[in-house]
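What follows is a set of notes on a single structure, which appears directly below.
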Amino acid sequence: MNSENIHTLLLETRNKALALYSNFHVGAILETEDKQLITGFNIETSSYGLTICAERVALFKALSEGIRNFKNIYIMGDGKSFCPPCGACRQVLMDFAPNIQVILMTEEGKQQTFQLSELLPHAFDDKFLKK
Ligand code: THU
């Protein structure tokens with residue numbers, strides 16, 4: 001899918017977010033090396049702390065379907081600003097997709113690209129657990 005189509009799908013995904021409490025809508029799309037797309041949006045509940053971010057919804061959907069080999073994650077929040085992934089999502093992405101490219105998009109079509117390792121330097125991962 002080209003960047004324009006990704007942008008459209010990201011917008012559609014974000015607009016379906018279940019964000020009744022913060023009213024801040026986020027969409028994420030994971031893209032695999034073989035071009036599969038997995039979408040996610042943030043899901044909030046009346047017990048606020050149980051909220052799950054768009055990025056982790058997309059990632060857990062994919063993992064539970066047996067999908068791996070992630071190449072890119074596209075993220076769009078509300079408003080004109082870029083929406084960088086929160087610290088918790090950076091950690092979870094690092095565990096399952098350490099080489100992923102993180103592409104932030106705005107509604108207006110601006111784009112910013114990072115390697116996950118730039119967003120989470122000196123990361124903790126499973127290597128520290130294996131002595
Ligand atoms: N949120 C995400 O879904 N992804 C991010 O990267 C940042 C924050 C959600 C969590 C919550 O539902 C709302 O945005 C406000 O924090």
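The values are calculated or read from the model by the stated rules, or taken from the named source; none is laboratory data. Not measured: the values here are computed from a predicted model. Heads up, the Cβs are rebuilt from the backbone with ideal geometry, glycines too, and the neighbour counts pull from every protein chain shown. Side chains included, ligands, DNA and RNA excluded: accessible areas come from the protein's heavy atoms. Shrake-Rupley method; radii C 1.70, N 1.55, O 1.52, S 1.80 Å.
Scanning the stretch 43-94 for residues that are open to solvent by 30 Å² or more (accessible area, probe 1.4 Å), assigned to a strand (DSSP E or B) and more than 10 Å from the ligand (Cβ to nearest atom) gives a single hit, 71. Kindly indicate whether residue 111 is within 13 Å of the chain's Cα centre (by Cα), of a type in the set (S, T, N, Q) and open to solvent by 40 Å² or more (accessible area, probe 1.4 Å). So residue 111 does not fit the description; no. Residue 31 meets each of the listed conditions (1) open to solvent by 90 Å² or more (accessible area, probe 1.4 Å); (2) of a type in the set (Asp, Glu); (3) at pLDDT 95 or above apart from (1). Assess whether residue 37 counts as being modelled with pLDDT of 95 or more and crowded, with 22+ Cβ neighbours inside 10 Å. The answer is no for residue 37. Taking the stretch 95-108 as the range and being open to solvent by 70 Å² or more (accessible area, probe 1.4 Å) and either outside any loop (DSSP other than H, G, I, E, B) or at pLDDT below 95 (or both) as the test, the residues that pass are 95, 96.
For residue 22, indicate whether it is open to solvent by 60 Å² or more (accessible area, probe 1.4 Å), hydroxyl-bearing (Ser, Thr, Tyr) and more than 10 Å from the ligand (Cβ to nearest atom). Judged against the criteria, residue 22 is not a match. Within the stretch 54-82, residues that are within 12 Å of residue 104 (Cα to Cα) sit with their Cβ atoms under 9 Å from residues that are among the acidic types (Asp, Glu) and more than 16 Å from the ligand (Cβ to nearest atom), at 6+ positions apart or across chains, in these pairs: 72/31; 73/31; 74/31; 80/108.
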